[in-house]
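Please treat every number below as a calculation from the coordinates, not as lab data. Computed from a predicted structure; not experimentally measured. Positions of Cβ are generated from backbone atoms using ideal geometry, with glycine treated the same way; all protein chains shown enter the neighbour counts.
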């Protein structure tokens, strides 16, 4: 249970504070409700670009990192399909430094040709390294395209093509900043060794004077139900074949999401999970296998990915996965297996809350998702799921017409190239 207090500033900024005097540190987290789903189809990668641009200096702070380092702090950021997060961890006595830094770049980020040129090169290079030059690195480009034709999840967070960022103009990025990076579209969360009253006084001091703007109104295309299986085979410079099996899932706050999340754990969480134990350890059909949910704000995906062992065809590997899914659809999971997964979830949650950074990030995430109180309610939701819930969900999710299959095959190396 994470106790917190919420206040909303006059400009719309939501501020959440959690006191934790067991640590000498304080975490400051700002999450902006903007991700890759908010980009124009011909100008993708902008949310990720801004993750980098936000460190390029602001009106009163030409070098973001220098004051933070002198205050003994560290920082980072990340972008998702749905939101972008920036955070600092500092000694409690230097909390104000972190708030000063964040407020200045919310108010007046320096967006100039030099900053844009530098960060554009960084982002394009990252695209090339992680997507174009890394084996299986473009898997999310293929999966997104297979599973979404209308919703903006049809491109990955890093963007559709590096040219979209390469061709970004000053006007493009200034317009994106003005639309999304404002108090009404953000949550500030503070967790650690601080009094609630002091935290709100400092938040008011540094953020209340930032001009209020109307929160953006989204009009996203919804994805119609899938009616036929999707499939794609990619021949690429990869060392071994790989298979990806994706299924559409409910949105993160949909009640039906929770059994889907537990199903992914039943399949691939830990050495006793079904796919790992049966297909990798016992039958040696895979050299690696995993399953996970994207947990998106809008309906997302459950993905199973694996690399078949040498001598195992991709068809046999996929057939083995489908056989396990069919069992989940036909036979109710035993209470003992479900309870083990539920208790593991509960212990993981408890362990994660020992970190003030995790607490600050969770507060902001749940506040954007729905309301921060949900983070304290979800444990009971997960523990209340029954074998019957799991069986019904498996039947709804694991259908061929609700799936996409992506297969990677190694390109043939010319004989002379191997000499």
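With the crude spin-label approximation of a point 7 Å out along Cα→Cβ, what separation in nm comes out for residue 277 versus residue 374?
It works out to 3.2 nm between the two label points.
Please report Rg over Rh for the range 27-96, where both radii come from the alpha carbon positions and Rh follows the Kirkwood definition.
With Rg and the Kirkwood Rh in hand, the quotient comes to 1.04.
Using Cα atoms only, what is the angle between the long axis of helix 314-330 and the major principal axis of the chain, expressed in degrees (0 to 90) to the nearest 10?
That helix lies at roughly 80 degrees to the long axis.
Only Cα pairs under 8 Å and at least 6 apart count here; give the relative contact order of the range 1-125 as a rounded whole percent.
It comes to 28 percent, rounded to a whole number.
For the range 345-414, rounded, prolate or oblate, judged on the Cα gyration tensor with a ≥ b ≥ c (square roots of eigenvalues), a/c < 1.5 rounded, else prolate if a/b > b/c?
Cα axes put the range 345-414 in the oblate bin.
How far apart, in nanometres, would the label points at residue 63 and residue 237 be if each is projected 7 angstrom from Cα along the Cα-to-Cβ direction?
Result: 3.8 nm between the two label points.
Starting from the Cα-Cα distance between residue 309 and residue 208, subtract it from 0.36 nm times their residue separation and give me the gain in nm to one decimal.
Extra length available between residue 309 and residue 208 comes to 30.5 nm.
Give the Kirkwood hydrodynamic radius (Å, one decimal) of the range 240-323, defined as one over the mean of 1/r across all pairs of different Cα atoms.
13.1 Å is the Kirkwood radius here.
Work out how much length residue 215 to residue 326 would gain on full extension: take 0.36 nm times their residue separation and subtract the Cα-Cα distance, in nm to one decimal.
35.5 nm
Quick check: convex hull of the Cα atoms in the range 5-207, volume per residue, rounded to a whole Å³?
Measuring per residue, one finds 133 Å³ for the Cα hull of the range 5-207.
Across 10 Å bins from the origin, how do the percents of Cα pairs in the range 230-418 run, short distances first?
Answer for the range 230-418: a P(r) of 8, 32, 32, 19, 6, 2, 0 percent.
Counting other beta carbons within 10 Å of each Cβ, put 407, 381, 89 in order, fewest first.
Ranked by crowding around the Cβ, least crowded first: 381, 407, 89.
(1) 22.4, 65; (2) 23.0, 73; (3) 22.7, 82: which one is Rg and Dmax of the Cα atoms in Å as calculated from this entry?
Recomputing Rg and Dmax of the Cα atoms in Å here picks out (2).
Would you mind calculating the relative contact order of the chain from Cα pairs under 8 angstrom and at least 6 residues apart, reporting the percent as a whole number?
Value for the chain: 22 percent.
Relative to the longest principal Cα axis of the chain, at what angle does helix 170-180 sit, 0 to 90 degrees, rounded to 10?
Tilt relative to the chain: about 90 degrees.
Return the distance in nm (one decimal) between the two label points of a simple spin-label model at residue 169 and residue 334, each offset 7 Å from Cα along Cα→Cβ.
According to this spin-label approximation, the distance is 6.6 nm.
Would you mind checking the tilt of helix 257-268 against the longest principal axis of the Cα atoms of the chain, expressed as 0 to 90 degrees and rounded to 10?
60
Given a Förster distance of 51 Å, report the FRET efficiency between residue 222 and residue 70 from their Cβ-Cβ distance, rounded to the nearest 0.05.
Efficiency, rounded to the nearest 0.05: 0.60.
Could you tell me the distance between the Cα centroids of the range 202-238 and the range 1-71, to the nearest Å?
Result: 17 Å between the Cα centres.
Using Cβ counts within 10 Å as a stand-in for footprinting exposure, how do 325, 374, 220 rank, fewest first?
The order, fewest Cβ neighbours first, is 220, 374, 325.
What ranking do 153, 78 get, fewest neighbouring Cβ atoms within 10 angstrom at the top?
In increasing order of surrounding Cβ atoms, one gets 78, 153.
Would you mind calculating the relative contact order of the range 143-274 from Cα pairs under 8 angstrom and at least 6 residues apart, reporting the percent as a whole number?
Worked out over the range 143-274, it gives 29 percent.
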